[in-house]
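The values are calculated or read from the model by the stated rules, or taken from the named source; none is laboratory data. Because the structure is predicted, anything quoted here is derived from the model rather than measured. Glycine also receives a Cβ, built like all others from the backbone with ideal geometry; neighbour counts cover every protein chain displayed. These accessible areas exclude ligands, DNA and RNA; they are computed on the full protein's heavy atoms, side chains included. Shrake-Rupley method; radii C 1.70, N 1.55, O 1.52, S 1.80 Å.
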Amino acid sequence: MLSKYCRYAIIFFLIASFFAGCGGNQNATSISESTSIPQASSIAPSSTTQQPSPVFDISKYAFRESVDSTKPYLFYLHGKIIEDQGIPAVSPDYGEYEYQAILEKLSSYGFVVFSEQRAKNTDGIAYARRIAEQVTALLDAGVPAENITVVGASQGAWITVYVSHFLENEKLNFVIMAICHPDTVEAFKQDQIILYGNVLSIYDHADELAGSCQELFSFSGGKGISKHEEVVLNVGTGHGILYEPLDEWITPVIQWAGKP
């Protein structure tokens, strides 16, 4: 029989293959926001030829173990288009991924925000273990679990699910945005990936690439998940909500992380 880690690797390989493809296969195991999938009910950007913003210095968001245990901490894991294109990244469907603006908006609420650009074709499971180790370092430094939130967008949310699973901490906060495609949820269930902690799901009603996480919540019930909620947005841009620091998703994230 395959070891549990091997099964993890196989699942990730299948999902990564979907991310790398055209994204049009409705039987794929996950989603990709970098693909050019038309959405009948979404609102297209006003200009698909916009010039990307200049590259910003992301080093100030790098993880550091020297921490103030009285402050709240937030990890932001970006979508796959940043892996594919680097910074800046522009989708023909959704426009520029406003990475800098998102980090600045989250930081403006008083969080110490950690985020980094993942390399192309990053091993998502190995990366989840890396983030789990960083969260553990914060906990070991005296930061209360309630003051730590991990937020993931699309593939970043896929990684966040594994971070939650690996840490097995019922007091940490997690936000998974636009990840629960039915096939992805089924893959999690088959490999016994259980959510732990307080988990918030957010997606737009027009998103053809992701939907409700209720089935994954039910699967995790009574095993590790402490509290869960789901917010369905009516923005209408589908997966495009992830590309901007919209109040529609920023506000519930901030509230979930314990900020008024």
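In sequence order, what are the phi-derived ³J(HN,Hα) couplings for region 139-146 according to the Karplus relation 6.51 cos²θ - 1.76 cosθ + 1.60 with θ = phi - 60°, rounded to whole Hz, with x for glycine and proline?
After applying 6.51 cos²θ - 1.76 cosθ + 1.60, I find 4, 5, 7, x, 6, x, 4, 5 Hz.
Compute the accessible area per residue over region 123-260, keeping the other protein chains in place, probe 1.4 Å, unit Å².
33 Å²
Dipole size in debye (nearest 20) for region 156-260 around its Cα centre, Lys and Arg Cβ +1, Asp and Glu Cβ -1?
Dipole of region 156-260, to the nearest 20 debye: 460 debye.
Given H placed on each backbone N at 1.01 Å, which residues far from Ser91 in sequence or on other chains put an amide H within less than 5 Å of it?
Those qualifying (amide H under 5 Å, at least 5 residues apart or on another chain) are Glu96, Tyr97.
Whose amide H sits under 5 Å from the amide H of Ser226, counting only residues 5 or more places off or on another chain, with H placed in the peptide plane?
The list, which skips near neighbours in sequence, is Gly197, Asn198, Val199.
Determine ³J(HN,Hα), in whole Hz, for all residues of region 169-182 in sequence, where each value follows from phi through the Karplus function 6.51 cos²θ - 1.76 cosθ + 1.60 and θ = phi - 60°; x replaces Gly and Pro.
3J(HN,Hα) across region 169-182, in whole Hz: 10, 7, 10, 6, 9, 9, 10, 10, 10, 6, 10, 7, 5, x.
Karplus couplings for region 150-163 from phi (6.51 cos²θ - 1.76 cosθ + 1.60, θ = phi - 60°), rounded to Hz, Gly and Pro as x?
Values, residue by residue: 10, 10, x, 10, 6, 4, x, 6, 4, 5, 4, 4, 5, 4 Hz.
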